[in-house]
1. Nothing charged except the Cβ atoms of Lys and Arg (+1) and of Asp and Glu (-1): what's the magnitude of the dipole of the chain about its Cα centre? Round to the nearest 20 debye.
2. Of Ile28, Leu65, Leu51, which is farthest along the charge dipole of the chain in the positive direction, counting Lys and Arg as +1 and Asp and Glu as -1 at C-beta?
3. So if R0 is 30 Å, what FRET efficiency would Asn123 and Leu46 give, r being the distance between their Cβ atoms, rounded to the nearest 0.05?
4. Could you give the length gained on full extension between Ser34 and Arg78, defined as 0.36 nm per residue of separation minus the Cα-Cα distance, in nm?
5. Size of the range 14-141 along its principal axes in angstrom, Cα-based, largest extent first?
6. Give a residue-ordered list of calculated ³J(HN,Hα) values for the range 72-89 (Karplus: 6.51 cos²θ - 1.76 cosθ + 1.60, θ = phi - 60°; whole Hz; x for Gly, Pro).
7. Take the Cβ-Cβ distance between Leu19 and Ser100 as r, set R0 to 22 Å, and report the resulting FRET efficiency rounded to the nearest 0.05.
8. At 0.36 nm per residue, minus the direct Cα-Cα distance, what do Ser7 and Asp107 gain on full extension? Give it in nm, one decimal, please.
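What follows draws every value from the coordinates through simple rules; no lab data is involved. All values derive from a computational prediction rather than experimental measurement. Reconstructed Cβ throughout: ideal geometry from the backbone, glycine too, with neighbour counts over all protein chains shown.
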Amino acid sequence: MGIAVWSEDLACGYELIDLQHRHLFALINTLDESLQKSIAKEELSLLLADLLEYTEFHFRCEEELMRSLDYPHLFEHRTIHEKLTKQVMDLQFRLRHSESVLAVFFDLSSFLADWLRHHIQENDIKMIHFVRRALKEKQAQVIGPVN
């Protein structure tokens, strides 16, 4: 079992977002498993790049969904996304500039899985509740009143 454990209590009920969250958990676990096998700095750098690339893709998907439905907390949510992206980029920088794999590993393992779990439970759930309501309202507008 990896450090990032997916459970259904983390599901927000929006299939695309849930699939992406599960994939992020898998990426974090792959990274953790690789680090426990004493990987080379170059390998860790590639895994971090993959994680960052997918995370940025996921954040763009979430933000586009929020933007399309006029989510009132888009700015705050985007700011949280930017902060995590910067943290991962800082780890990449540290790794490239000769900090040991072990030092970067401790920082990675101490925040990534916890950050993702917390972010889903605190921020994404609120956003998804809003998205569900907004989509129901749009559907009701298209269908019209039911007699």
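1. The dipole of the chain has a size of about 300 debye.
2. So the residue furthest toward the plus end is Leu65.
3. According to the calculation, E is roughly 0.60.
4. Net length gain for the segment: 12.9 nm.
5. 57, 23, 20
6. x, 10, 4, 4, 5, 5, 5, 4, 5, 4, 4, 5, 5, 4, 5, 4, 5, 5
7. Taking R0 as 22 Å, the efficiency between Leu19 and Ser100 is 0.05.
8. Working it through step by step, the gained length comes to 33.6 nm.
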